[in-house]
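All of the numbers you see were taken from the coordinates with simple rules; none came from a lab. Bear in mind that the values here come from a model prediction, so they are computed numbers and not experimental data. Backbone-built Cβ (ideal geometry, glycine too); neighbour counts: all protein chains shown.
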Amino acid sequence: MKPAFRFNFAAVRRLCCAAAVALSISLGAHTSLAQGVVPETDPAPEGKVPEMVPALRGKHPRLLLNAATLPKLRAFYNSPDGEPWRKKIEAYNAASQPPKAGEVKFLTDATDAQRQGLWKLPTTALHYLMTGDEKSLANAKGFLELFLSLPNWETGGERDSGMGAANIMIGAALAYDWIYDKLDPDFRSKFRDKLLYHARAMYHGGHLKKNTEAKHYWQNDPANNHRWHRNAGLTLSILAIYENKPEEQWILQQAIKDLEFVKEWLPHDGTCHEGPLYLTFGGNHLTLAFDAADQCLGTDLMQAPYFKATGVHRTHVLRPGLKDVLPFGDCGSGSVGGYNNFFLKAASLNQQADVKDALMRMLEKDPKSFEFGWFSLLWDDPALKRGNIEKLPTSSFSPDIGFATMRESWGDDAVAAAFKCGPFGGYDLNRYAAGKNYINVAHDDPDANMFLIAMGDELVAANDGYSKRKSSRNHNTILINGTGQMSKGRPDGGEWSQPAVGGADMTKMGVVTSYRDNGAVVAVEGEASGSYLPLKGKRPGLDRFRRTMVWVKGGYILLIDDIRAPSEVDVDWLVQGKALDAADEKEGRFVLKSGAKECSFQIVADKPLTFAIQDSPADHRAKPMGLKQLKANSKTQTLRVASVFNPWTKKNLSVSLAPGASPDEATIRVDGEGIADTWQWKAGPGQFGAGTISGTRTSGDKAGFPFRMDASNIPPK
């Protein structure tokens, strides 16, 4: 979530200035302590201090597993159900040796910090617990000896308080706890002090912003996944050593307070406003901290509604075939990622057998979607047997971010679509911000009222990737006088979407005004005029940009757009794909193509349109994606557009638009093979009043008809 932090899914790359490393292990040698970042002592705790559950007091292991659960875990490890995770652990364990003292990179390289602390060390330590392999035990000890020899676990501006330090802390805490009885008592004592120091350094330097050279971009934002990384390191480090000693109490209290803060503002629909890519980048870390705290302290962090919803959302945001995503935010194709392990914990906790089946199908189709088997071994409950993905609904609506998905089935070759109209950050995070608290929305895209269409795994109506030039030009939406959506004070086309002024109310940027799903027909309506702010000397603010999307399963996808401005403007209506051809420009007929898939469509309007097929400016990490884009232009004050998309390749599919009895009404006809549908559309009142759309079918399969969506279908936010 930090703008300056470049991240591709597999790893986080951050380069800092190298620093000389002294090898003293005394606390006085810690640079952070010497600089006054970490005080000699912490304050006395106020109020109730968390207590270790009685069964774990003075006992190890305690983090994510314990003496009572170890036999079952070993049985699972050696069972057919545990085979996928066992193979992953064994394969990665072969490369899980500690770096040599002179080859340490993780002090200034956050990717390597993940590699050493989050990937290798827990793998080899857990492998020892599962097998008794002495080589794995020696490797785990070697990591701990190296970590103890270093005064810092991260250098640079975020000394001992950045994401690099956090991931080293995770591995250090887990290994210390898991092989506790195999460590020399004197070494244990020193490493206990080391973990306490790093927990305090993380909190004082990071959470309390005492590292003055750092950019404090995450501290006020509960949904920032960079916070979740740090909280995982902090929480595991203090829980690994906690025995209710006076010097431990305050820092544990602060760690749990921060976890409760995060829990309070987790999106209730299990989504991530930054997109499917970042959904996974923080999820494992969030779950590490929450799960460990629940097991050690008896908290109920994992009971947050987020965890009941997130596996369902993850499933619905996948394209048919389950190997790629319906992308939005900073997210390109191929962004399923490898940190999907925490969805197993969420599904197990909430007894979601059908979601588990979806996750296991993901694994079977793409083994790299669940990297680092140690997570999965701990979080996959073998008592929860696989259900059947086919029992899951084929449509979903995520109210926090205004994101709807539809698919004809869970088959690999099914047609699917998505629609998005919501505020930067989502509603839950904006409720926290309340116009005053800073939240980071830099990775959100100016894409309100955008849509996507997939035919099997091919995205025929496509989106941009991890864009470095965030602009509505990159999305299937509209431009006004050549300029798209923007946050307050931030020009169109910048690298980040973050408002340039504090206290900006983003809740009116994009609003889903109605949503209805009757199984065969799904409709969603969004209002995005709040994203088209007035731009002095360039354009007025829009009065209305209302888009209705109607999904008729097995038939067609219909869009109805109502665009209104206070004066005449240039409206550019956009759609893009890997390839795009004109079929009959006079009739507004075109074809989107991707791979072997083709989706014809027709666009009509109540005002003349001129068409141009051009290179799309959509980029992925500043590189053009090579998409083709249709621009339908009209110079007008008001414009009503109807377009019909034909992913089911119906013969002779066509759309027509006729004015209704009043300026706020229209009749849309969709005809074709087995289709004779009439849609009556009426604009809703005010900026966000729900419109009315009602459809009838006079011939063919009438499943889902008659259909009506109106003000009785306003979704919660």
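The overall shape of segment 281-392 is prolate: from the C-alpha gyration tensor, with semi-axes ordered a ≥ b ≥ c, the ratio a/c is 1.5 or greater and a/b exceeds b/c.
For the chain, the longest principal axis of the alpha carbon atoms and the long axis of helix 305-316 meet at an angle near 60°.
Across segment 70-100, the residues whose backbone nitrogen lies under 19 Å from the label position 7 Å along the beta-carbon direction of residue 385 are 76-77, 79-84. Taking the DSSP beta bridges with both ends in the chain, the antiparallel portion is around 100 percent.
Among 287-293, 646-652, 481-487, the peptide with the highest mean count of other Cβ atoms within 10 Å heads the list, and the full ranking is 287-293, 481-487, 646-652. Taking only Cα atoms, what is the 0 to 90° angle, nearest 10, from helix 225-241's long axis to the longest principal axis of the chain? So the helix axis and the longest Cα principal axis differ by about 30 degrees. Comparing segment 57-300 with the 2.2 N^0.38 Å rule of thumb, its C-alpha radius of gyration ratio is 0.97 (two decimals). Placing +1 on the Cβ of every Lys and Arg and -1 on the Cβ of every Asp and Glu, with nothing else charged, gives segment 57-300 a dipole about its Cα centre of roughly 400 debye.
Normalised by 2.2 N^0.38 Å, where N counts its residues, the alpha-carbon radius of gyration of segment 131-204 equals 1.11. Of the peptides 405-418, 522-535, the order by per-residue mean of other Cβ atoms within 10 Å, starting with the highest, comes out as 522-535, 405-418. What is the distance in Å between the Cα centroid of segment 577-631 and that of segment 421-477? Taking the Cα centre of each part, segment 577-631 and segment 421-477 sit 21 Å apart. Say R0 is 41 Å: what FRET efficiency, to the nearest 0.05, do residue 583 and residue 208 get from their beta-carbon distance? The computed FRET efficiency comes out at 0.10.
Normalised radius of gyration (Cα atoms, divided by 2.2 N^0.38 Å) for segment 272-320: 1.28. From the coordinates of this entry, volume of the Cα convex hull per residue in Å³ is computed, and it appears in [x] 207; [y] 150; [z] 377 under the label [y].
Taking label positions 7 Å along the Cα-Cβ direction at both residue 257 and residue 91, the computed distance is 4.5 nm, reported to one decimal. Sorting the segments 456-462, 633-639, 185-191, 539-545 by their residues' average number of neighbouring beta-carbon atoms within 10 angstrom, most packed first, yields 456-462, 539-545, 633-639, 185-191.
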